[in-house]
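**Student:** The following block contains the structure, expressed as structure tokens.
FYI, it's all coordinate maths here, none of it is from the lab. Given the structure is predicted, the values throughout are model-derived calculations rather than measurements. All Cβ positions, glycine included, derive from the backbone under ideal geometry; neighbour counts span all protein chains shown.
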Amino acid sequence: MNHPKVPTREGRHFVLWLLRRLKRVRVQGSSMEPTLQAGQTVLMEAWRRVPQPGDLAVAEHPGRPGFLLIKRVSHQVPGGWILLGDNPTQSSDSRSLGPFPNERLIGRVVCTFL
């Protein structure tokens, strides 16, 4: 499957991060390869709109409070959103965890942070 690239940091993203409007999140594991690599840092913003298919969502793991996951929004279903890793054999996502309710969605990845 061909996934859209995540934009690299632009000047406005850096300014928004300095103003604490964006938050840094470090990628752990290989569930989002090839889009995101382990150790890479991304910037996320709090949701300001309804998630769209293809968005990269930062969500709280349903069984591990405080543990954040980065997954791709697939679609909405009753009870929440289907979030999937780009590397399905290495991903804990909606295939095993079920839909993610709105309150588990923390933000949207807006760019990588080098």
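**Student:** Can you give me the distance in nm between label points at LEU68 and ARG21, each placed 7 Å from the Cα along the Cα-to-Cβ direction?
**Tutor:** Rounded to a tenth, the inter-label distance reads 1.8 nm.
**Student:** Would you calculate the volume per residue, in Å³, of the smallest convex hull containing every Cα atom of region 11-113?
**Tutor:** Details: hull volume 10.1 nm³, N = 103.
Output value, Cα hull per residue: 98 Å³.
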